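Some notes on the structure that comes next.
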Amino acid sequence: MSDPSIAFAKPELPATGALVVLLAEDLVLPPTAAALDEKTGGALARAIAKSAFKAKGFAALDVLAPAGCDLDRVLLIGLGKFGDLVEKDWLKLGGVVAGKLADAKATAATLLLERADGEAIVPERAADVALGVRMRAWTFDRYKSKKKDEDAPKDLALTLALADHSAAKKLWKARVEPVSDGVALTRELICEPANVLGTEDFTKRCEKLEKLGVEVEVLGEKELKKAGWNALLGVAQGSKRPPRVVIMRWNGGTEGEAPIAFVGKGVVFDSGGISIKPAAGMEDMKGDMGGAAVVTGLIHALAARKAAVNVVGAIGLVENMPDAGAQRPGDIVTSLSGQTIEVINTDAEGRLVLCDVLWHVKEAVKPAAIVDLATLTGAILVALGKLNAGLFCNDDTLAERLTSSGLVTGETVWRMPLSTDYDKLIDSTWADMKNTGGRDAGSVTAAQFLKRFVGDVPWAHLDIAGTAMGSPKTDLNAAWTSGWGVRLLDRLVADHYEK
Ligand code: BES
Ligand code: MN
Ligand code: ZN
């Protein structure tokens with residue numbers, strides 16, 4: 001399904017299409033639905049009474065074509081106790097409704113955001129529902145030539161009906177739709193295949209953010225060589241695609257205030273290089289720019305909602321390929337920081353890209369804090385699966401903030417250790433450090449490597465190899481990637497860095 005159109009209106013019975021009604025455990029119909037029940041000679045009450053429907057846990061009862069009106073269906077959704085619902089439940093409600101309406105091939109629907117107990121559903125919750133709808137409806141079908149078939153899901157026009165509809169619309173437009181668009185951008189960047197989205201193509205997508213008032217600085221190969229970004233350049237040298245570093249600045253805060261920086265791994269394709277990966281599943285490595293995609297989607301969201309904060313997004317874009325010019329295991333590179341690195345495994349390339357970007361951000365941006373995101377290690381998938389991102393952090397306050405923001409948005413993180421004993425595992429005989437610490441604690445040694453490039457800046461590293469792609473299908477996500485992280489970081493900024 002393509003993007004549903006979402007409108008806000010006051011609660012009224014629609015003449016046609018589908019009507020969605022929310023029910024609490026007591027099964028009492030809210031006023032507008034009660035009026036419909038009367039009009040239909042009690043069709044809704046009868047359906048509830050004759051079914052095993054329990055109005056909780058997002059259970060649905062689909063009442064088809066009730067007599068006495070021209071509606072296609074009335075979809076009752078059970079929400080248990082309204083008082084128990086938190087923000088992410090309302091998001092989930094949007095997802096559930098979008099899923100049911102898509103299954104029903106509905107093209108027009110009204111979602112009645114009305115409670116039987118007379119309490120109003122506030123605009124914030126309506127905007128959450130709208131976000132849930134948009135997230136669930138998102139698919140990536142650009143390359144499916146049959147998408148215009150009869151059977152393909154049709155576009156949905158959805159009206160959210162609530163008392164304070166004008167405030168809900170305002171909030172949606174100004175604050176939440178931008179985040180929804182940011183998530184969609186991240187998902188799209190991750191889904192695009194690497195032949196379409198190379199380093200230069202990705203750069204062009206970033207430059208589009210200029211329209212929102214974002215300053216976009218692009219560093220090309222010449223500049224990177226001149227300044228000595230040799231760790232990053234070493235990864236790129238086996239590919240025809242030239243490296244790019246893109247620095248996006250949103251200056252919505254006070255002038256001169258140190259920004260919060262987000263850094264992303266942007267390996268547009270990771271073949272492993274000379275330490276080439278096995279064939280099975282290698283196609284997924286088109287998503288190895290997931291960290292950069294989250295940073296780009298986040299900057300989109302923050303700029304589009306005119307966040308009152310100074311933010312920098314910095315991404316390193318390279319392709320890791322094994323041509324005749326490729327870097328070899330055993331090569332020693334001098335990173336931008338001056339620290340030397342022995343390349344043991346060319347497939348541990350993400351940290352080589354990030355270390356130069358992190359160092360540059362620390363030196364040139366002087367940020368208040370850095371959060372980096374990277375599809376960095378397969379080991380984090382072994383440790384945490386797809387349900388938590390690995391969090392590595394040198395600052396307890398920042399770690400706590402990320403953890404609690406994740407709990408609110410449902411994009412959870414799990415803190416992993418850092419210590420001098422783990423750090424020793426990447427010491428090298430030949431250089432200052434080596435780029436792998438062996439199989440044991442693979443995600444930790446990768447994080448220790450990054451830590452050597454951030455100095456004393458409060459810094460968090462999110463290993464999103466498990467959460468960025470190959471995402472589980474949920475009520476909020478029917479696609480290969482959920483766009484994990486955009487909402488979490490938007491929340492982090494809103495709650496802790498925005499004035
Ligand atoms: N991009 C991969 C990590 C990855 C694996 C992301 C699975 C998403 C899903 C990364 O560049 C990589 O290859 N890491 C190696 C490191 C190893 C060679 C030390 C890994 O995890 O095997
Ligand atoms: Mn790799
Ligand atoms: Zn990689």
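The values are calculated or read from the model by the stated rules, or taken from the named source; none is laboratory data. Model, not experiment: these values are computed from the prediction. Quick reminder, even Gly has a Cβ in these numbers, built from the backbone with ideal geometry, and neighbours come from all protein chains shown. Surface areas here come from the heavy atoms of the whole protein model, side chains and all, with no ligands, DNA or RNA. Shrake-Rupley method; radii C 1.70, N 1.55, O 1.52, S 1.80 Å.
Brief remarks follow.
- Here the spin labels are modelled as points 7 Å beyond Cα on the Cα-Cβ line, and at Asn251 and Val86 they lie 3.9 nm apart.
- Distance between region 274-343 and region 469-489 - C-alpha centres, whole angstrom: 20 Å
- For region 2-147, the normalised intensity computed at q = 0.09, 0.12, 0.16, 0.19 Å⁻¹ comes to -0.27, -0.47, -0.84, -1.18 (log10 of I(q)/I(0), Debye sum over alpha carbons, equal scatterers, no solvent).
- Whole-angstrom gap from region 65-98 to region 346-416, using each part's C-alpha centre: 36 Å
- Cβ-derived FRET efficiency at R0 45 Å, Val216 paired with Lys473, nearest 0.05: 0.85
- Rounded accessible area of Thr420 (nearest 10 Å², 1.4 Å probe): 110 Å²
- Full-stretch length increase - Thr403, Ala120 - with 0.36 nm per residue and alpha-carbon distance subtracted: 98.8 nm
- Relative to the Cα centre, the charge distribution of the chain, modelled as +1 at Lys and Arg Cβ and -1 at Asp and Glu Cβ, gives a dipole magnitude of about 660 debye.
- Of the solvent-accessible surface of the chain, computed with a 1.4 Å probe over protein heavy atoms with every protein chain present, carbon and sulfur atoms account for 52 percent.
- FRET efficiency for Asp70 and Val28, using Cβ-Cβ distance with R0 set to 30 Å, rounded to 0.05: 0.75
- Extreme residue, positive dipole direction of the chain, given options Gly437, Val294, Gly42 (C-beta unit charges): Gly42
- Counting every pair of alpha carbons in region 178-496, the share spaced more than 31 Å apart comes to 20 percent.
- 0 to 90° range, to nearest 10: angle between helix 350-360 axis and the chain longest Cα axis: 80 degrees
- The chain: relative contact order in percent, alpha carbon pairs under 8 Å with at least 6 residues between: 16 percent
- Projecting the Cα atoms of Tyr143, Leu197, Leu158 onto the charge dipole of region 140-232 (Cβ charges, centred on the Cα centre) puts Leu158 farthest toward the positive pole.
- Given charges at Cβ of Lys, Arg, Asp, Glu: the chain dipole, positive-most of Ile6, Ile332, Phe58: Ile6
- For the chain: accessible area per residue (Å², 1.4 Å): 40 Å²
- Over 18 Å (Cα to Cα) - which of Lys56/Lys92; Lys222/Lys434; Lys10/Lys169; Lys92/Lys473; Lys306/Lys362 fall in this group: Lys222/Lys434; Lys306/Lys362
- Modelled this way, with points 7 Å down the Cα-to-C-beta line, the labels at Thr429 and Ala280 are 3.3 nm from one another.
- Multiplying the residue separation of Ser166 and Thr420 by 0.36 nm and removing their Cα-Cα distance gives an extension gain of 85.9 nm.
- Net lengthening on full extension, Ile332/Lys50 (0.36 nm per residue, minus Cα-Cα): 94.1 nm
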